[in-house]
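Enquirer: Submitted below is the structure of interest, expressed as structure tokens.
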Amino acid sequence: MTHIVVKAGLAALVALTSFGATLTGAAAAGPDYGIYVQYHDRDRGPPPRDWRDGPPPRDFRGPPPRRDRCDSWLAEEKASRMGLRRARVVDVSRRVVVVEGFDRRGRDRIVFANERGCPVIRR
């Protein structure tokens with residue numbers, strides 16, 4: 001019987017100490033109200049993006065477009081040099097660029113990889 005009372009008392013002691021620890025941590029932060037001024041220092045990077053007078057200055061338009069993909073105009077040019085007449089891009093996905101057109105036998109399709117240089121996957 002004494003073992004049960006000792007175990008219950010020990011459990012109550014652990015519960016009370018953990019309850020007190022959570023209350024002190026939660027009460028540490030209070031509501032913070034105030035007026036904050038945000039300014040821009042010219043030496044520390046681009047200004048915030050809220051231009052109302054027109055487009056942003058040329059320096060802050062972001063990085064140049066990536067050149068490690070197959071552009072659609074390049075795929076059309078390459079297909080026409082391969083003998084495809086009236087070549088046009090019909091599908092662009094993450095992996096392939098599909099160009100359709102006509103050759104001597106009729107309709108034809110060329111599939112390019114969507115990588116730099118537009119390598120041919122299948123004709």
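The values are calculated or read from the model by the stated rules, or taken from the named source; none is laboratory data. Every value quoted in this text rests on a predicted model; they were computed, and no experiment measured them. Neighbour counts run over all protein chains shown; Cβ positions are idealised from the backbone, glycine included.
Enquirer: May I ask you to list the residues in segment 79-94 that are under 13 Å from Asn114 (Cα atoms) and surrounded by 11 or more Cβ atoms within 10 Å (Cβ to Cβ)?
Expert: Selection gives Val89, Asp91, Val92.
Enquirer: Regarding Thr2, is this residue among the hydroxyl-bearing types (Ser, Thr, Tyr) and at pLDDT 60 or above?
Expert: So Thr2 passes the test.
Enquirer: Let me ask something else about it. Count, please, the residues in segment 92-123 that happen to be assigned to a strand (DSSP E or B) and more than 33 Å from the chain's Cα centre (by Cα).
Expert: Adding up the residues that qualify gives 6.
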